[in-house]
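Read through the structure below, which is laid out as structure tokens, and then see the notes.
The values are calculated or read from the model by the stated rules, or taken from the named source; none is laboratory data. Everything numeric in this text was worked out from a predicted model, so none of it was measured. Here Cβ is always computed from backbone atoms with ideal geometry, including for glycine, and neighbour counts include all displayed protein chains.
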Amino acid sequence: MEGFGRSELSFVNQLKNFEKGYLAIQKEKQRVLASIDNLQEGFLILDANNTIEYANSQFGKILGLVCKKVMNKNISELKDSPNLSPIISLLAQDVKYSFKKEIQINENLILEVFINRLVISKKCVGTSVVVHDITKEKIMGSTKRDFVSLTAHQLNVPLSTTKLSLEMLLDGSLGKITDEQRDIIEKTQKRNNMLIHLVNDLLDIAKIEDKGNSYHCEEVDFEALVKEVVDSDKIEMKNKKIVFEFAKPENKLPKIILDRNKMFLALKNMFDNAIKYTPEKGTISVAFEIRNKELEFKIQDSGIGVPNNEKEKIFDKFFRSSNAIKTNPSGSGLGLFIAKNIIEAHNGEMGFESVENKGSTFFFTIPIKEIKS
Ligand code: ADP
């Protein structure tokens, strides 16, 4: 470039490099936006003042909106839009961290919404929102639950009638039976009882999976509830000559807000397991207390334990450990799944520790919101 000195030339070169860099950034931005636009999920970006900077076309499709109409608008201007208002209520919450929530927009639209606060140097510089349409999964899930529940109900009556008939045959109400007949009837009774157990577990599953509708919380005397569970298994423990210890808390527990029937079921499943998987003359101990506004419960046994390589599957639906199948062939693998679901529905956590051939401790904690003495 004629007439340009060294410093001018270097300036022009810097400008050219800057332009190149700028074009590369623009190209990259377009590539990212094109990828976001092709996502299956709806996507929204807001600035620090909650003004919508970008909405991908899928967001518009899912919520029945024209994206251009919401772009550059503050969420406060959109709160009357029926489909958007539930999402706007979530965004308006003064929550500094990212979270996920399931929301029903209307009868035909259920969404899973992920709100992600974008934080730089501890300052919120914006929010990204990912919206996932889960309507079909929800409908499928509830149809499946209805089917399982209906089938289980249908099986319940004939199985109970068979149980009664077998009992009458065994106690001689229908006439004398030979030893050979007794043997066959007893085996049939065992299988029938297994089926009744399975059907009951399936009915329980249908109930607990329907979290929204089936939980009815009330003030519960937890100690009395545990005692009820223990009493229901007293004969079983006596038959197996099990040594039982009940470590009651020093001070009487206040009443706790729980779903009484569901909690009974969770405790019963844990207790039944402790008895089932503990050999004769073993020990079982139960302890609970309230610490740091949490109810802590544990049940310890000296039973068969869980093999190390199978521990991570123990709460899976239908899972039974290899040693449990050997010692107790009957079992559905649903009891712990049900118990964990119930604890989690109370915002609690459930876990266990176990050493094969030595014993296991199953425990849970539940936050106590309201306590009444
Ligand atoms: P089920 O007892 O009908 O098999 P559960 O869901 O109650 O089903 O338990 C799942 C599996 O977890 C059991 O099959 C067994 O392998 C293991 N398990 C549960 N409780 C205990 C326990 N107290 N001791 C040893 N293993 C246990």
Close pairs (6 angstrom Cβ cut-off, 6 or more residues apart or separate chains): under 20 Å from Ile284 (Cβ atoms) and among the polar types (S, T, N, Q) in the range 338-359, modelled with pLDDT of 95 or more and within 9 Å of the ligand (Cβ to nearest atom) anywhere: Ser354/Gly305; Ser354/Val306; Ser354/Ser360; Asn357/Gly305
Hits in the range 303-339 (condition: more than 9 Å from the ligand (Cβ to nearest atom) and surrounded by 20 or more Cβ atoms within 10 Å (Cβ to Cβ)): none
Candidate set from the range 246-280 (those that are modelled with pLDDT of 95 or more and either surrounded by fewer than 16 Cβ atoms within 10 Å (Cβ to Cβ) or over 26 Å from Ile205 (Cα atoms) (or both)); member that is farthest from the ligand (Cβ to nearest atom): Glu280
Matching residues in the range 224-241 - criterion: being in contact (Cβ under 8 Å) with a residue 24 or more places away in the chain and more than 13 Å from Phe264 (Cβ to Cβ): Glu236, Met237, Lys240, Lys241
Qualifying residue in the range 345-361 (condition: modelled with pLDDT of 95 or more and closer than 22 Å to Glu228 by Cβ): yes
Cβ pairs under 8 Å, 6+ apart, first in the range 168-186 and surrounded by fewer than 12 Cβ atoms within 10 Å (Cβ to Cβ), second part of a loop (DSSP other than H, G, I, E, B) and of a type in the set (Gly, Ala, Ser): none
Failed item in (1) modelled with pLDDT of 95 or more; (2) touching a strand residue (DSSP E or B) at 6+ places or on another chain (Cβ under 8 Å); (3) aliphatic (A, V, I, L, M), with Ile290 passing the rest: (1)
Residue in the range 286-299 that is on the phi < 0 side of the Ramachandran plot and within 9 Å of the ligand (Cβ to nearest atom) present: yes
Criterion violated by Lys61 - all others in (1) charged (D, E, K, R); (2) modelled with pLDDT under 85; (3) assigned to a helix (DSSP H, G or I); (4) under 30 Å from Ile103 (Cβ atoms) satisfied: (2)
Residue tally, condition under 20 Å from the mean Cα position of the chain (by Cα), closer than 20 Å to Ile45 by Cβ and among the small types (Gly, Ala, Ser), over the range 101-147: 0
Check on Val226, surrounded by 16 or more Cβ atoms within 10 Å (Cβ to Cβ), in contact with a strand residue (DSSP E or B) (Cβ under 9 Å, 6 or more places away or on another chain) and modelled with pLDDT of 95 or more: yes
The range 73-82, residues that are part of a loop (DSSP other than H, G, I, E, B) and surrounded by 12 or more Cβ atoms within 10 Å (Cβ to Cβ): Lys73, Leu78, Lys79, Ser81
